[in-house]
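A short write-up of the structure that comes next.
The values are calculated or read from the model by the stated rules, or taken from the named source; none is laboratory data. Computed from a predicted structure; not experimentally measured. Because the Cβ atoms are built from the backbone with ideal geometry, glycine has one as well, and the counts that use them run over all protein chains shown.
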Amino acid sequence: MSVYNNALHIGKNVRRFVNQRTLVRLFMYVFLSGLVFVFIYPFLYMLVTSLKSPADFNDISVEWILNELHWDNYRLAFTALEYPRRLINTLVMTVLCILGHVISCSFAAYGFARFKFHGKGFFFTALILSIIIPTETIIVPLYQVFSKLNWVGTQLPIIVPAFLGFGLKGALFIFIFRQFFLSLPSSLEEAAAIDGCGSVRTFFNIVFPMSKSSIMVCTVLAMVWHWNDFFEPMIYLGNQEKFYLSVVLPSIYQLVEGVEAGGMQETLFNDGVAMAATTLIVIPVFIAYMFLQRQFMEGIEHSGITGE
């Protein structure tokens, strides 16, 4: 009898544990589903709105389920953005800035991680503090410097700083590379030195190829930030022929607002065209991230974790 009671008691405890575990998992699924929806909602709204026809905009009963897919919005947005030319401008700038950041920031980070020199702590502290300084606060002296160099009106104020370890978020990229280099055993460099490799050759032949995780993290972050950057290109370029997609996009929204104010929303631009233009700008970054997602997440796990 006692054996039966013990088995019954154990069975009750097991069922209670299973029920508690099921409730916890159910709660986690509900919570994560709600969290995912918060992040996905803007993209769903953008896609649905980009396919609305003028009739759907005038029908208050149409919110998510459309009466028709109005692809003409994308044709108008494609033309208004001058998409092929702007896309090439943006791609060239983004690729060059990514290349500059990866090379210069990794090289500077290697110096902070492996070499000892006077003022190292001060310079690294100043570097970290520069991360929290908005570009808008130093744009006037930067503009004056680039103006004296006759760089204003060209892409040089955006591309050249990236190759000097400065540029957009350059200090953060140096920090990410430095944290990774600190985790590498110094025996690698010692073995290279025995074989006759200098510091520069050791970096480019041994250390830099091993930092693929940090390279991927910085590549993805630099790609997103430079692709979406509006402030610096708007200040430095001046010539509309050289504008990037992110700089042209606000003009589409201004055109939509002007059309709506003039009462011509049905015949010209509307919010559907503006959302279609936004979608066209987001698509290249989205496609690139789909291919780089796995390497990016692995890089996040291996970068910026180990300190001194």
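From the list Phe39, Phe117, exactly one residue is more than 28 Å from Phe286 (Cα to Cα) and at pLDDT below 85. Which is it?
From the options Phe39, Phe117, the qualifying one is Phe117.
Pairs only if they're at least six apart or on different chains, beta carbon under 9 angstrom, first in segment 198-215 and not assigned by TED's automatic domain parsing to the domain that holds Ala108, second crowded, with 19+ Cβ neighbours inside 10 Å and at pLDDT 80 or above; list them, first residue then second.
Qualifying pairs under 9 Å: none.
Could you pull out the residue among Phe146, Phe177 that is within 27 Å of Ile206 (Cα to Cα) and assigned by TED's automatic domain parsing to the domain that holds Val95?
When all the criteria are applied, what remains is Phe177.
Do the conditions hold for Met223, that is, is it touching a Leu at 6+ places or on another chain (Cβ under 7 Å) and among the aliphatic types (A, V, I, L, M)?
When the stated conditions are applied, Met223 does not pass them.
Can Ile176 be described as at pLDDT 90 or above, surrounded by 18 or more Cβ atoms within 10 Å (Cβ to Cβ), among the aliphatic types (A, V, I, L, M) and closer than 30 Å to Pro284 by Cα?
Answer is no for this residue.
When the residues of segment 153-173 are narrowed to those that are assigned to a helix (DSSP H, G or I) and of a type in the set (Phe, Trp, Tyr), which ends up surrounded by the fewest Cβ atoms within 10 Å (Cβ to Cβ)?
So the residue we want is Phe163.
Looking at (1) touching a residue at least 40 places away in the same chain (Cβ under 8 Å); (2) among the aromatic types (Phe, Trp, Tyr); (3) in a helix (DSSP H, G or I), find the lone condition where Phe123 falls short.
Phe123 satisfies all of (1) touching a residue at least 40 places away in the same chain (Cβ under 8 Å); (2) among the aromatic types (Phe, Trp, Tyr); (3) in a helix (DSSP H, G or I) except (1).
Quickly run through segment 136-152 and pick out the residues that are exposed (fewer than 14 other Cβ atoms within 10 Å of the Cβ) and either assigned to a helix (DSSP H, G or I) or small (Gly, Ala, Ser) (or both).
Correct list: Glu136, Thr137, Ile138, Val140, Pro141, Gln144, Val145, Ser147, Lys148.
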